[in-house]
1. Which pairs turn up if I take residues in the stretch 215-238 that are assigned by TED's automatic domain parsing to the domain that holds Gly186 and away from ligand 2 (no atom under 16 Å from the Cβ) and look for partners that are open to solvent by 10 Å² or more (accessible area, probe 1.4 Å) and charged (D, E, K, R) with beta carbon separation below 7 Å, at least 6 apart in sequence or on another chain?
2. Quick check on the stretch 105-133: of everything there that is of a type outside the set (A, V, I, L, M, F, W, C), out of contact with any helix residue (DSSP H, G or I) (no Cβ under 9 Å at 6 or more places or on another chain) and not in a loop (DSSP other than H, G, I, E, B), which residue is farthest from ligand 2 (Cβ to nearest atom)?
3. Here are Gln349, Gln376, Gln356: which of them is within 22 Å of Ala316 (Cβ to Cβ), at pLDDT 90 or above and open to solvent by 40 Å² or more (accessible area, probe 1.4 Å)?
4. Pick from the stretch 158-172 the residues that are within 16 Å of ligand 1 (Cβ to nearest atom) and open to solvent by 10 Å² or more (accessible area, probe 1.4 Å): which of them is nearest to the chain's Cα centre (by Cα)?
5. Just name the residue that is nearest to the chain's Cα centre (by Cα) out of those in the stretch 143-157 that are in contact (Cβ under 8 Å) with a residue 12 or more places away in the chain, assigned to a loop (DSSP other than H, G, I, E, B) and surrounded by fewer than 21 Cβ atoms within 10 Å (Cβ to Cβ).
6. If I filter the stretch 16-70 down to residues being assigned to a loop (DSSP other than H, G, I, E, B) and under 13 Å from Phe317 (Cβ atoms), which single residue comes out as least open to solvent (accessible area, probe 1.4 Å)?
7. Before we move on, is Asp365 modelled with pLDDT under 70 and of a type in the set (D, E, K, R)?
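The values are calculated or read from the model by the stated rules, or taken from the named source; none is laboratory data. In this text, all values refer to a predicted model and were calculated from it rather than measured experimentally. Every residue, glycine as well, gets a Cβ built from its backbone with ideal geometry; the counts of neighbours run over all protein chains shown. Keep in mind that these areas ignore ligands, DNA and RNA; they rest on the heavy atoms of the full protein, side chains included. Shrake-Rupley method; radii C 1.70, N 1.55, O 1.52, S 1.80 Å.
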Amino acid sequence: MSEPLDILIGNTKDIALKEIVRKVQQQERITDEEGLLLFEKGSLGFVGTLANAIRERLHGDKTYFNRNFHIEPTNVCVFSCKFCSYSMLYAHKEEGWELSIDQMLDIVKSYDGKPITEVHIVGGVHPKMNMAYFIELIQKIHAHRPGLHVKGFTAVELDYMFRKAKVSVEEGMRQLKEAGLQSLPGGGAEIFHPDIRSVIAGDKVTGEGWLAIHEAAHNLGMFTNATMLYGHIEKYEHRIDHMRKLRDLQDKTKGFNTFIPLKFRNANNDMSDVPESTITEDMRLYAIARIYLDNFPHLKAYWPMLGRQNAQLTLAFGVNDIDGTIDDSTKIYSMAGSEEQAPTMSTEQLVTLIRQVKRHPIERDTLYNEINDFGQAQLSVMSNLN
Ligand code: V47
Ligand code: SF4
């Protein structure tokens, strides 16, 4: 295969690491033990070289982004995840926000005439915002703007909605799909392993419940994303356990589009005493995820959480997607201490960010259909920028 891997295999003395290089060269799957070994022994350069070879085999230099905005219906939440800097417990709901359907439609209308392709709806779990409320919202969004892709609701929100409505997961997903929900974001996954989940997110949907909801969506032909909240109290084996469960489900359904590692940020939450991971550790994680998750087509770095320069760096460690323009429409990360206090990037800024690290910017829609190829041309001669 590629020259960098031939050089790497020649320079690697550790037999087990050499075997991993061979597997990547032959496009073979690595085992859990090998994944763990990468976390324990894989240097940044080693895992980065492997991940980059895989990324370039799958996508060449192509780097995707989309034009999107978020709607966060509420930050009032019945749950009490320790890492969350965003939610207001229902008991203190007067300090939070709750948007009416009309207010959310006004947000959608504020993008009239702008070339946005996706709305991402995600928020806290408010006991009064039930399934009927969200069905009405989705239908009204489509009535106003039929071409806008509605990606919405974490499995945590869905689990609560379905239980309140007393419908099965399959029936609940079917009804939402019929109303116009097109795909699911990856949130709420955190760390599936109960030893960690019970400590950081003990009262919301279990790992098995999260996976069952995504499986039901996949069975209806919907695509979904998957996240992993890392860099807090979990150990390497919990990361591997999490990714193995995703890899197994993907083998079964092929319904995941993108894996999105989410770096734990420690401001203003009950885990502020837990230090954040280092940039080196972040890059190693991206790379190992790219190597381990051989059946995931895309790996995304979410720039509002990581910061834009670090997001640029991930493009050398297996990442081929940096999410979208966002338009300052999410508060989850600014409230948790991200350097992006008002996350918004113009298309021109995203294109520049990607070009600066010599990658090839492509605007995609939610399902990775290519919409605009920004090629390698000079910014000054490009159209479609706003
Ligand atoms: O599930 C909450 C995370 C997630 C913190 O699918 C935190 O395209 C770090 O899932 N530090 C919601 N992370 C956001 C999400 C997402 C974001 C972007 C794109 C997509 C997609 C999905 O945010 C939560 C949780 O894991 N989160 N608090 C924190 N302090
Ligand atoms: Fe609620 Fe989500 Fe925050 Fe947990 S992470 S408290 S479910 S808003």
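1. So the pair list comes out as Ala216/Glu170; Leu220/Arg174; Leu220/Lys177; Met222/Lys177; Tyr236/Glu40.
2. Per the stated criteria, the residue is Asp106.
3. Numbers: Gln349 fails: at pLDDT 90 or above; Gln376 fails: at pLDDT 90 or above.
It is Gln356.
4. Here the answer is Asp159.
5. First pass over the stretch 143-157, keeping only residues in contact (Cβ under 8 Å) with a residue 12 or more places away in the chain: 144-145, 147-157.
Remaining after also requiring assigned to a loop (DSSP other than H, G, I, E, B): 145, 147-148, 153-154.
Next, from what is left, pick out any that are surrounded by fewer than 21 Cβ atoms within 10 Å (Cβ to Cβ): 145, 147-148.
Values: Arg145: 25, Gly147: 23, Leu148: 19 Å.
Looking at residues that are in contact (Cβ under 8 Å) with a residue 12 or more places away in the chain, assigned to a loop (DSSP other than H, G, I, E, B) and surrounded by fewer than 21 Cβ atoms within 10 Å (Cβ to Cβ), I get Leu148.
6. Let us first name the residues in the stretch 16-70 that are assigned to a loop (DSSP other than H, G, I, E, B), namely 26-31, 42-43, 60-61, 67.
When the remaining residues are screened for being under 13 Å from Phe317 (Cβ atoms), the result is 42-43.
Working: Gly42: 4, Ser43: 63 Å².
Per the criteria, the residue is Gly42.
7. Details: modelled with pLDDT under 70: no; of a type in the set (D, E, K, R): yes.
Spelling it out, it is not the case that Asp365 is modelled with pLDDT under 70 and of a type in the set (D, E, K, R).
Residues checked against (1) open to solvent by 10 Å² or more (accessible area, probe 1.4 Å); (2) over 20 Å from Arg55 (Cα atoms); (3) at pLDDT 95 or above; (4) in a helix (DSSP H, G or I):
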{"residue": "Asp270", "(1), (2), (3), (4)": "yes, yes, no, no"}
{"residue": "Asp273", "(1), (2), (3), (4)": "yes, yes, yes, no"}
{"residue": "Asp282", "(1), (2), (3), (4)": "no, no, yes, yes"}
{"residue": "Ala287", "(1), (2), (3), (4)": "no, no, yes, yes"}
{"residue": "Phe296", "(1), (2), (3), (4)": "no, no, yes, no"}
{"residue": "Leu313", "(1), (2), (3), (4)": "yes, no, yes, yes"}
{"residue": "Val319", "(1), (2), (3), (4)": "no, no, yes, no"}
{"residue": "Asp323", "(1), (2), (3), (4)": "no, no, no, no"}
{"residue": "Asp328", "(1), (2), (3), (4)": "yes, yes, no, no"}
